[in-house]
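Report on the following structure.
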Amino acid sequence: MMGAQNRGCEKNGMNSLFGENQILVLILPDYTYTESLTSVVSDLSKFASKICYVSLNRPYTSLLTLFKKQNVVIDNIHFIDAITATATTP
């Protein structure tokens, strides 16, 4: 994915990396997590007709707030929140 990110994730660049029904797994470093996450999701949401986002470390409401703040279109994203049930409030 880093190659696509470096090319700006243009639709043609993404088409050459992914066909239909492909799975993409990202491991993002802590120090650039939020910036990288919003950039990748924003670019993918413009390219893909459907996205299934499985969150293992950030609750859905937190992601929704982040994406809306960054003007990420989420109409074609389906979220699976695997953390909210185990999250605790300090």
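Note on the range 19-90: along the principal axes its Cα atoms extend 42, 23, 22 Å, ordered by decreasing extent. Annotation note: trypsin sites (Lys or Arg not before Pro) in the range 27-89 located in DSSP loop regions with a Cβ neighbour count of at most 16 within 10 Å are LYS50.
We did not get these values from a lab; they are worked out from the coordinates using the rules stated. A quick note: this is a predicted structure, and the numbers were derived from the prediction, not measured. Ideal geometry is used to build each Cβ from the backbone, glycine not excepted, and the neighbour counts take in all protein chains shown.
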